[in-house]
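Colleague: The structure that follows is given in the form of structure tokens.
The values are calculated or read from the model by the stated rules, or taken from the named source; none is laboratory data. Because the structure is predicted, anything quoted here is derived from the model rather than measured. All Cβ positions, even for glycine, are placed from backbone atoms using ideal geometry, and neighbour counts span all protein chains on display.
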């Protein structure tokens, strides 16, 4: 099922390019150039993340993952998942493979959900930049609320999925 | 040398991985090779989705006029505009150094704090990346997460605006009132 979604999306993107090309060759070229640029931007991260996934699988015993992020840990696992996601810096595409490894290693799903959501919603590393752009009050309040929302969404995910 | 250092700083995750692999290779070469094989296998498994996601990303970039949307978000102030802001946020993909200045421009065009907050929250949905998420975490996980984050955008935006106005006497919209 998941595999077919990937191929379906590939076909959809191809059709998108054909339609764009018909309307304007230049626009299609711009789109392709922008795609390549985005990909090259995250390529080093991809390389790192797939390497990390391999290392995680081989060197980190599932017992350790279960102890730190497992269901037994309850709220502490949830908090830890959210906290790690908050300080992690990197494009979101890096979060998915790591989250999948953690899940298969025995992590509690709500903790993994909090990890993913805070990865994309809370930016500890980008906090100074956010404060410079919108002011400290905005940056601190937004990240604070977002962290709480990430934990709540994690709990809700546990109830739904 | 300086360029090498700059690259290492901006790609610290890659540096970390290389260091870990080097260490693993010294301590347990067999298992390090096994780890590299697993990583490569996972990568090849999702390669079609990665290609599709990044190909589509370019299309999103040329078809959606971010600056025009930014102007529109500055003009409205009702709850409808916040909803539009959230929807716009869900398809928005880009690094902070692109998205923050864009939203600063939105704010300077007269947008409420709630709009800025809603876009920043919905930005976490990243619809163009969802196929990749489905590939790794499954359809149910990805859909539930996306919907929950999208739904959070409006309350989080309003909450943020409420706090921004406490004791500042600041109007919800910037500029001459």
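Colleague: Please indicate, with yes or no, whether at least one residue in the stretch B:118-128 is within 11 Å of chain A (Cβ to nearest Cβ) and on the phi > 0 side of the Ramachandran plot.
Modeller: Looking through the stretch B:118-128, at least one residue is within 11 Å of chain A (Cβ to nearest Cβ) and on the phi > 0 side of the Ramachandran plot.
Colleague: In the stretch B:134-154, which residues are within 15 Å of residue A:96 (Cβ to Cβ), more than 7 Å from every other protein chain (Cβ to nearest Cβ) and either in contact with a strand residue (DSSP E or B) (Cβ under 6 Å, 6 or more places away or on another chain) or in contact (Cβ under 8 Å) with a residue 24 or more places away in the chain (or both)?
Modeller: B:146, the sole residue that qualifies.
Colleague: Could you run through the stretch A:134-149 and say how many residues are in contact (Cβ under 8 Å) with a residue 12 or more places away in the chain and at the interface with chain B (Cβ under 9 Å from one of its Cβ atoms)?
Modeller: Count: 3.
Colleague: Here's something else I'd like to know. Of the residues that sit in the stretch B:80-97 and are within 11 Å of another protein chain (Cβ to nearest Cβ) and in a helix (DSSP H, G or I), which one is surrounded by the most Cβ atoms within 10 Å (Cβ to Cβ)?
Modeller: Going through the qualifying residues, I end up with B:96.
Colleague: Taking helices (runs of 4 or more DSSP H) that do not extend beyond the stretch A:4-98, which have at least 3 residues that are facing another protein chain (nearest Cβ under 8 Å) and either crowded, with 20+ Cβ neighbours inside 10 Å or touching a strand residue (DSSP E or B) at 6+ places or on another chain (Cβ under 6 Å) (or both)? Walk me through it before giving the result.
Modeller: Numbers: elements: A:25-59, A:62-69, A:75-87.
Filter on the stretch A:4-98 gives A:25-59.
Colleague: Can residue B:120 be described as under 14 Å from residue A:95 (Cβ atoms) and under 18 Å from the mean Cα position of the chain (by Cα)?
Modeller: Values: under 14 Å from residue A:95 (Cβ atoms): no; under 18 Å from the mean Cα position of the chain (by Cα): yes.
When the stated conditions are applied, residue B:120 does not pass them.
Colleague: For the structure I just gave you, tell me whether residue B:157 is surrounded by 24 or more Cβ atoms within 10 Å (Cβ to Cβ), within 8 Å of chain A (Cβ to nearest Cβ) and farther than 28 Å from residue A:100 by Cβ.
Modeller: On the way: surrounded by 24 or more Cβ atoms within 10 Å (Cβ to Cβ): yes; within 8 Å of chain A (Cβ to nearest Cβ): no; farther than 28 Å from residue A:100 by Cβ: yes.
Here the answer is no, as residue B:157 does not meet what is asked.
Yes/no per residue for (1) outside the structural domain of residue B:137 (by TED's automatic domain parsing); (2) in contact with a helix residue (DSSP H, G or I) (Cβ under 7 Å, 6 or more places away or on another chain); (3) part of a helix (DSSP H, G or I):
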| residue | (1), (2), (3) |
| --- | --- |
| B:3 | yes, no, yes |
| B:17 | yes, yes, yes |
| B:43 | yes, yes, yes |
| B:102 | no, yes, yes |
| B:107 | no, yes, yes |
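Colleague: So residue B:50 clears everything in (1) over 23 Å from residue B:158 (Cα atoms); (2) in a loop (DSSP other than H, G, I, E, B) except one condition, right? Which one?
Modeller: Unmet condition: (2).
Colleague: Kindly check whether there is at least one residue in the stretch B:66-79 that is surrounded by fewer than 19 Cβ atoms within 10 Å (Cβ to Cβ) and within 27 Å of residue A:94 (Cα to Cα).
Modeller: Scanning the stretch B:66-79, I find at least one residue that is surrounded by fewer than 19 Cβ atoms within 10 Å (Cβ to Cβ) and within 27 Å of residue A:94 (Cα to Cα), so the answer is yes.
Colleague: Find the residue count for the stretch B:46-67, including only residues that are touching a residue at least 40 places away in the same chain (Cβ under 8 Å) and more than 16 Å from residue A:38 (Cα to Cα). Don't jump to the end; show me each part of the working.
Modeller: Initially, the stretch B:46-67 is screened for residues touching a residue at least 40 places away in the same chain (Cβ under 8 Å), giving B:46, B:49-50, B:52-53, B:56-57, B:60.
The next check asks that each one be more than 16 Å from residue A:38 (Cα to Cα); those that pass are B:46.
Count: 1.
Colleague: Count, please, the residues in the stretch A:111-133 that happen to be buried (at least 21 other Cβ atoms within 10 Å of the Cβ), more than 7 Å from chain B (Cβ to nearest Cβ) and outside any loop (DSSP other than H, G, I, E, B).
Modeller: Total satisfying the criteria: 6.
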